[in-house]
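Asker: Take this structure, written in structure tokens, and hold onto it; I'll ask about it next.
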Amino acid sequence: MTLNIAVLASGRGSNLQSIINSIENGYIKDAAIRVVVSDKREAYALERARNHGIDAVFVDPLSFSDKDQYEGRILEVLDGYDVELLLLAGYMRLLGSNIVRHFKNRIINIHPALLPSFKGLHAQKQALEYGVKVAGCTVHFVDEEMDSGPIILQKCVPVFDDDTEDSLAERILKEEHQIFPEAVKLFAEGRLNIKGRIVLRS
């Protein structure tokens, strides 16, 4: 059986590309990205999808009277592809409870910080301002709070004295491109089990 995956993205989609590459080169087996959905018409993530023969859908939040209607439309799109796993790859909106509950324990996000530190936007800037010596990234399941679901994988990178937000982000991004596909591989192989806040790997 092939695992049907959908990806929500708002930007350039480099993490999306890492998943696409890992499926195409066989690192992630028995899985396929069926659709990429964006809240930004010009998101390069949509172009990446089209370049690989993946359906790309723009859903305009401004076309709906509220968040529930907007996310209702997204759910319609996802259900049309029988989506079993939803990935957030630079999706810059907090998911509402309808989507989170519909895909309970089947939504995975990548965040450019070592959670639970530095949640939300500009995580690298937050880390530098705090003066940490180690930063990194986290792949986690999504719940109804921001960046708070059970952690699947984390990777550390050093923080240097001359780091800027951009240089630290670039170093972290390289690790994101490694651990996000790894987490999807583990999910696809049925090797992740959630016990409370703890994710066990088999």
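Asker: Output the 0 to 90 degree angle, nearest 10, between the alpha-carbon long axis of helix 67-79 and the longest principal axis computed from the alpha carbons of the chain.
Answerer: 70
Asker: Taking only DSSP H segments of four or more residues, each worth -39500 (n - 2.57), what value at 222 nm results for the chain once the sum is divided by all its residues, to the nearest 500 deg cm²/dmol?
Answerer: Helix-only estimate at 222 nm: -10500 deg cm²/dmol.
Asker: Between Rg and the Kirkwood Rh of the chain, both from Cα atoms, what is the Rg to Rh ratio?
Answerer: Rg/Rh: 0.95.
Asker: Here's a follow-up. To the nearest 10 degrees, how steeply does helix 14-24 sit against the main Cα axis of the chain, on a 0 to 90 scale?
Answerer: Value to nearest ten degrees: 60.
Asker: Normalized C-alpha radius of gyration of segment 1-83, against 2.2 N^0.38 Å?
Answerer: 1.10
Asker: Moving on to the next point. If you average the alpha carbon positions of segment 1-72 and of segment 182-202, how far apart do those two centres end up, in angstrom?
Answerer: Value for the Cα centre distance between the two parts: 22 Å.
Asker: Straight-line reach from Lys40: which lysines fall under 23 Å, measuring Cα to Cα and dropping same-chain residues less than 8 apart?
Answerer: By straight Cα distance, Lys40 reaches Lys67, Lys119.
Asker: Here is a further query. Which lysines does Lys195 reach when only Cα atoms under 20 Å apart count, and residues fewer than 8 places away in its own chain are ignored?
Answerer: Lys104, Lys185
Asker: Please list 5-18, 29-42, 56-69 highest first by mean number of surrounding beta-carbon atoms within 10 Å per residue.
Answerer: The peptides rank, most packed first, as 5-18, 29-42, 56-69.
Asker: Could you work out how far helix 165-188 tilts from the main Cα principal axis of the chain, as a 0 to 90 degree angle to the nearest 10?
Answerer: Here the helix axis deviates by roughly 50 degrees.
All of the numbers you see were taken from the coordinates with simple rules; none came from a lab. Keep in mind that this is a model prediction, so the values were computed, not measured. With ideal geometry, Cβ positions are generated from the backbone for all residues, glycine too; neighbour counts draw on all protein chains shown.
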